[in-house]
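Just below is one structure, and these are the notes that go with it.
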Ligand code: 13P
């Protein structure tokens, strides 16, 4: 891991949970955080929008940030079912995931959409976590690095800084499958992302690059110790306090 960058362990709860579940999970993590003090990674929870309030009250004053899973590119308007970046900010969020492959696939989002959402998030004072990643077909064709760096250059607003952008590399075929790329392959893509960041940010060395895709307690240490892996975006394992906490401990 790039030692100077404080690791971030983010939980993407996707479309799971109830208010009771959210209070319980966030409350357990807050208890662990309070015992751990400062010697732990930065933690971020991204629950479904209706559960933000429950998570917010359960984490209390503990150092656990809140994030949304998506936002609309517009400030406000007639967009039934969507939420704006400003609404997430108002609900206590400091971050928002944009361009997750499930949104790219389920909602037809492309790099231009993701760029507009990331920009809206920055304008509203949120830090967008821009997700990029290749499909299995693209990897097998030897195109992983090209695809991922292409997505990066088109999805990340130009002029982004370490304070207002985070990148998450999530190979589509590794999400929810238990499959993880070889460590060398993760390292290669993260190194390529770091170089390509120079095209969109004057701050490339300081931007945090998270790895996501089947991160579990049993593989977290080896993944998180790679150069240019500055944290993780965790799906399934973020729904269990003990597993998520074990990953957070592996990061520090
Ligand atoms: P899993 O950790 O369940 O593979 O999900 C990864 C992910 O999509 C996080 O955004």
Stokes-Einstein D in µm²/s, Kirkwood radius over Cα pairs - the chain at 20 °C with 1.002 mPa s viscosity: 120 µm²/s
If you count, for each residue, the other Cβ atoms within 10 Å and average over each peptide, how do 15-23, 63-71 line up from highest to lowest? 63-71, 15-23
One would report the Cα pair-distance distribution of the range 82-148, bin width 5 Å, in %, as 4, 18, 23, 21, 15, 8, 6, 4, 1
Using only the alpha carbon atoms of the range 128-216, find the Kirkwood hydrodynamic radius as the inverse mean reciprocal pair distance, in angstroms to one decimal. 13.0 Å
Using only the alpha-carbon atoms of the range 1-62 as identical scatterers, what base-10 log of I(q)/I(0) does the Debye formula give at q = 0.13, 0.17 Å⁻¹? -0.37, -0.59
When only alpha-carbon atoms count, how far does the range 180-252 stretch along each of its three principal axes, as whole angstroms with the largest first? 38, 22, 19
Return a whole-number percent for the relative contact order of the range 127-252, with Cα pairs under 8 Å and 6 or more residues apart as the contact set. 25 percent
Euclidean distance between Cα centres, the range 148-196 to the range 1-36, Å: 22 Å
From the alpha carbon gyration tensor of the range 65-184, can you work out the equivalent ellipsoid semi-axes (sqrt of 5 times each eigenvalue) and give them in Å, largest to smallest? 26, 14, 14
Helix-only CD estimate at 222 nm, as mean residue ellipticity for the chain, using -39500 (n - 2.57) per DSSP H run (n ≥ 4): -11500 deg cm²/dmol
So, relative contact order of the chain in percent, Cα under 8 Å, 6 or more apart, is 22 percent
For the range 1-136, count the residues as N, evaluate 2.2 N^0.38 Å, and divide the Cα radius of gyration by that value, please. 1.07
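Rule-based calculations on the coordinates, nothing more; no lab input. Worth saying up front: this structure is predicted, and the values here are computed from it rather than measured. All Cβ positions, even for glycine, are placed from backbone atoms using ideal geometry, and neighbour counts span all protein chains on display.
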